[in-house]
Amino acid sequence: MSDEPSTRDRLVLAATRLFRQRGYDGTGLSEILAEAGVPKGSLYHHFPEGKADLACAAADWTASEIVRVIDDSFRAAPDWRHGVTTFAYKMAKLFDILNSADACPIFGLLFDGPDHDRFRAHAEQAFNRIIAAAARHGEALGLRPEAAHEAAETFMIGFQGGWTLARMRRKSDVLRSLPGRLYGPLPA
């Protein structure tokens with residue numbers, strides 16, 4: 001069995017990176033195809049509506065990756081505060097790896113496209129998946145369902161603002177400081 005990504009996966013990964021760096025409007029299909037190393041026919045075979053379908057697939061991939069980081073962050077967390085702190089630090093490390101130049105992975109993909117209603121609905125689904133994943137961990141840590149959802153949504157609101165501010169400043173420190181700003185210092 002080969003570890004080589006499928007043609008579809010290569011297209012999604014290339015589009016994700018390019019949309020994140022240049023936005024939807026700033027990325028051409030020829031750039032995606034060249035980055036993925038696939039012919040144009042492969043794009044339309046996997047994504048019949050072309051770039052718009054590919055943007056939605058890239059957002060889905062990104063949401064899945066963020067859910068994976070959430071799950072990893074909360075796996076051994078003794079409480080909500082520790083889980084969000086681990087998540088914030090993991091995302092700050094990603095920010096540093098990306099050299100702070102990239103936009104929010106989902107926001108940057110979906111709000112610049114030609115079909116704003118479709119993309120907004122898709123972005124909402126992606127963010128709802130992320131919030132639901134964090135809320136599940138909150139419930140597992142003893143928060144009531146409503147409180148877990150509110151905590152997850154509040155943290156994601158803060159995180160999105162933190163990512164934007166970190167991007168503007170080109171410093172990940174704001175992401176690392178987010179849990180302390182929202183919840184106070186970690187208990188000793």
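Which of the lysines could a cross-linker bridge to Lys90, judged by Cα under 22 Å and excluding same-chain residues fewer than eight apart?
By straight Cα distance, Lys90 reaches Lys171.
Using the Karplus curve 6.51 cos²θ - 1.76 cosθ + 1.60 with θ = phi - 60°, work out ³J(HN,Hα) for each residue of the range 54-61 in order, rounded to whole Hz, and write x for Gly and Pro.
Running phi through 6.51 cos²θ - 1.76 cosθ + 1.60 with θ = phi - 60° gives 5, 5, 5, 5, 5, 5, 4, 4 Hz.
Apply the a/c threshold of 1.5 to the C-alpha gyration tensor of the range 52-181 and tell me whether it is rounded, prolate or oblate. Could the numbers behind the result be given before it?
On the way: a/c = 2.00, a/b = 1.26, b/c = 1.59.
Here the range 52-181 falls in the oblate category.
Using only helices, what value at 222 nm comes out for the chain when you add -39,500 (n - 2.57) per DSSP H run of length 4 or more and divide by the total residues, to the nearest 500 deg cm²/dmol? Numbers along the way, then the final one.
Values: 9 runs with 138 residues, N = 188.
Estimated from H runs of four or more residues: -24000 deg cm²/dmol.
Report ³J(HN,Hα) in whole Hz for each residue of the range 70-83, in order, from the Karplus equation J = 6.51 cos²θ - 1.76 cosθ + 1.60 where θ = phi - 60°; Gly and Pro get x.
Karplus values, whole Hz, x for Gly and Pro: 4, 4, 4, 5, 9, 3, 10, 6, x, 7, 4, 4, 5, x.
Under a point-charge model restricted to the Cβ atoms of Lys and Arg (+1) and Asp and Glu (-1), what is the dipole moment magnitude of the chain relative to its Cα centre, in debye to the nearest 20? Walk me through the intermediate numbers first.
Details: 23 positive and 24 negative charges, 121 e Å.
That gives a dipole near 580 debye.
Any chance you could give the angle, 0 to 90 degrees and rounded to 10, that helix 116-140 forms with the longest Cα principal axis of the chain?
It works out to around 40 degrees.
Over the chain, with a Gaussian network built from C-alpha contacts below 10 Å, which listed residue (Ile97, Ile106, Ile130) shows the highest mean-square fluctuation?
It is Ile97.
If each residue's Cβ is checked for other Cβ atoms within 10 Å, how do Met168, Met156 rank with the fewest at the top?
Numbers: Met168 10, Met156 19.
Listed from fewest to most nearby Cβ atoms, that is Met168, Met156.
Any read-out appearing in this document is the output of simple, stated calculations on the displayed coordinates, not a laboratory observation. The model shown is predicted, which means the values in this text are computed figures rather than measured ones. Positions of Cβ are backbone-derived with ideal geometry, glycine not excepted, and every protein chain shown enters the neighbour counts.
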